[in-house]
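The values are calculated or read from the model by the stated rules, or taken from the named source; none is laboratory data. Since we're looking at a predicted model, the values are computed, not measured. Backbone-built Cβ (ideal geometry, glycine too); neighbour counts: all protein chains shown. To get the accessible areas, we keep the full protein, side chains included, count just its heavy atoms, and leave off ligands, DNA and RNA. Shrake-Rupley method; radii C 1.70, N 1.55, O 1.52, S 1.80 Å.
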Amino acid sequence: KFEKHASAIACTGCHMDIDPLGHPLEPFDAVGGHHDEDEHGNVILSSGEVSLDGHWQEFTDTRGFARLLGGSAAVSRCM
């Protein structure tokens, strides 16, 4: 599903900005429950990369994403 909407020309512009932030939160539902699989039994991947402090950084899961945010000077200034 992710690859399908990320590659659609009409969707790509916005998804380039929002997916790096939303992808690591994908395992959580609307009330904060954590799930390792989606409703079809597919493993939910929460790894990715995000641009922080002028360069792209990879993370392997939601905790890694949180560590990157916590250690970012740019995020610290915003918060």
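A few comments on the model shown:
- Residue in region 7-24 that is of a type in the set (Ser, Thr, Tyr), at pLDDT below 90, open to solvent by 50 Å² or more (accessible area, probe 1.4 Å) and in a helix (DSSP H, G or I) present: yes
- Selection of region 25-69 for residues being in a loop (DSSP other than H, G, I, E, B), among the β-branched types (Val, Ile, Thr) and within 19 Å of residue 3 (Cα to Cα) yields 44, 60.
- Residues (under 17 Å from residue 18 (Cα atoms) and at pLDDT 90 or above) located in region 57-79: 57, 58, 59, 61, 62, 65, 66, 68, 69
- Among the residues of region 21-40, those that are in contact with a Ser or Thr (Cβ under 9 Å, 6 or more places away or on another chain) and not aliphatic (A, V, I, L, M) comprise 23, 24, 26, 27, 28, 34.
- Identity of the residue in region 27-52, of a type in the set (A, V, I, L, M, F, W, C) and out of contact with any strand residue (DSSP E or B) (no Cβ under 9 Å at 6 or more places or on another chain), that ends up most open to solvent (accessible area, probe 1.4 Å): 31
- Every residue from region 53-65 that is without any contact (Cβ under 8 Å) to a residue 12 or more places away in the chain and either open to solvent by 60 Å² or more (accessible area, probe 1.4 Å) or over 15 Å from the mean Cα position of the chain (by Cα) (or both): 54, 55, 56, 58, 63
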